[in-house]
Structures are given as structure tokens and as C-alpha cells.
1. Could you go through region 80-92 and let me know if any residue there is part of a helix (DSSP H, G or I), in contact with a Lys or Arg (Cβ under 9 Å, 6 or more places away or on another chain), more than 18 Å from residue 128 (Cβ to Cβ) and open to solvent by less than 70 Å² (accessible area, probe 1.4 Å).
2. For the structure I just gave you, tell me whether residue 55 is surrounded by fewer than 17 Cβ atoms within 10 Å (Cβ to Cβ) and part of a loop (DSSP other than H, G, I, E, B).
3. Just to be sure, is residue 80 β-branched (Val, Ile, Thr) and free of Cβ contacts under 8 Å to residues at least 60 places away in the same chain?
4. Working only within region 93-130, note down all residues that are farther than 17 Å from residue 12 by Cβ, in a helix (DSSP H, G or I) and among the β-branched types (Val, Ile, Thr).
5. Collect the residues in region 111-155 that are over 14 Å from the mean Cα position of the chain (by Cα) and touching a residue at least 40 places away in the same chain (Cβ under 8 Å), keeping them in residue-number order.
6. So residue 134 fits all but one of (1) part of a helix (DSSP H, G or I); (2) farther than 20 Å from residue 18 by Cβ; (3) of a type in the set (Val, Ile, Thr); (4) open to solvent by less than 60 Å² (accessible area, probe 1.4 Å); what number is the exception?
7. Going by what's in this entry, would residue 108 be described as more than 16 Å from residue 77 (Cα to Cα) and either surrounded by 10 or more Cβ atoms within 10 Å (Cβ to Cβ) or within 24 Å of the chain's Cα centre (by Cα) (or both)?
8. Starting from residues that are under 23 Å from the mean Cα position of the chain (by Cα) and free of Cβ contacts under 8 Å to residues at least 60 places away in the same chain, keep the ones in region 95-105 and report whichever is least open to solvent (accessible area, probe 1.4 Å).
Amino acid sequence: MRWSWFGEFFGALPDAFRALYQFGDPSNVGQGWWGIVIALIWGVLIIAVPLSIARVTYQRREWVSATMGVVGGLGVLWWVFGILPSAWIYFVDSNKEILEDRIIPTSFTFTLGGVNFPVATNLYDVIRDVVVVVEHLIAFGILFWAAIAIQKRLPKTMVPGEQSREPGGYR
């Protein structure tokens, strides 16, 4: 690994932030934040509104509450496992000339006794994909924890006068 890579890394950060700001439509220079605004609006419509309806109707309209909870949960899954990884891969692939060998190394070779041994010749693609895998693992953990926390905080309620049934199947 070259030590000059660290200097190139910090020198390339302004270009990478500029590319992130213009992400999605480079012809609209200076309007890169519109993509973030649109993403937040859709996030509110797809996630926050159904979850708010689910909370308001909890213990009064159980079917509405459950349905809206599922819609909000599916919105979260859609963003976490679909939109974010897709945006990351699209950003990294479309800005390869800015990121390649300056921020994300393309290969790794070590030298032993004057002989070069290539360890990874496609490191750029590997790092791109590993970021998606790590994001998915973190998201799985957070979503699993959230599901357990929601189940503990909002246990199943029974209609007044309803008796719990004995567990088991058909007899």
C-alpha cells in the first residue's frame, strides 16, 4: 500500500462531497439537495404516516392499526434493504473516476523479497459490495431488536369480556 494514498484520500474528499451533493442529476449543479428533500418526503409518506395512523388507532381499531403498522414496517424494509443499497451502488459506480484509487483502493498487492503478490485485484468492487453486506447486517440486528421491543411495549390486548383460549391445535 502506498503511503501517498492517504494524502490522495483527503485531497479527494471535496470532490466526493461535491459528487454526493450533485448525486442523481449532475446537470442541476447546486440543486443536489432536492434528491434528499424528495427522499425525506417519500419517507414521511411511506413510513411516518402509516406508523402514526397505527399508533392513533391502537386498541380502538385493531385491524387498521395492524395494517398500518405492516405498511409502515414494509416501508422501512423497502428503504433499508432496497433504496439505500441501490443508491450506494449507483453512487459508487457512477463516480468511479473520483473515488477509484483516491478514496476506495482498486487493488491490494504486497511485496515479499522483491516479488509482488496480488491479494485482491478487484478490491473496488469488493469494498462496494461489503459496504452493502455490512449495512444489511446492521439493519437486520436493529430491526430484530426493534421487533422485540415493539412486542414487549405493545402486547396483544383482548376485547373486554374475551377469555383467553387454551393453547393447542385441533382436538
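The values are calculated or read from the model by the stated rules, or taken from the named source; none is laboratory data. All values derive from a computational prediction rather than experimental measurement. With ideal geometry, Cβ positions are generated from the backbone for all residues, glycine too; neighbour counts draw on all protein chains shown. Heads up: the accessible areas ignore ligands, DNA and RNA and are worked out on the full protein's heavy atoms, side chains in. Shrake-Rupley method; radii C 1.70, N 1.55, O 1.52, S 1.80 Å.
1. Taking every residue of region 80-92 in turn, none turns out to be part of a helix (DSSP H, G or I), in contact with a Lys or Arg (Cβ under 9 Å, 6 or more places away or on another chain), more than 18 Å from residue 128 (Cβ to Cβ) and open to solvent by less than 70 Å² (accessible area, probe 1.4 Å).
2. Against the criterion (surrounded by fewer than 17 Cβ atoms within 10 Å (Cβ to Cβ) and part of a loop (DSSP other than H, G, I, E, B)), residue 55 does not qualify.
3. Judged against the criteria, residue 80 is not a match.
4. 126, 130
5. First pass over region 111-155, keeping only residues over 14 Å from the mean Cα position of the chain (by Cα): 111-127, 144-155.
Result: 154, single match.
6. Every listed condition holds for residue 134 apart from (4).
7. Spelling it out, residue 108 is indeed more than 16 Å from residue 77 (Cα to Cα) and either surrounded by 10 or more Cβ atoms within 10 Å (Cβ to Cβ) or within 24 Å of the chain's Cα centre (by Cα) (or both).
8. 104
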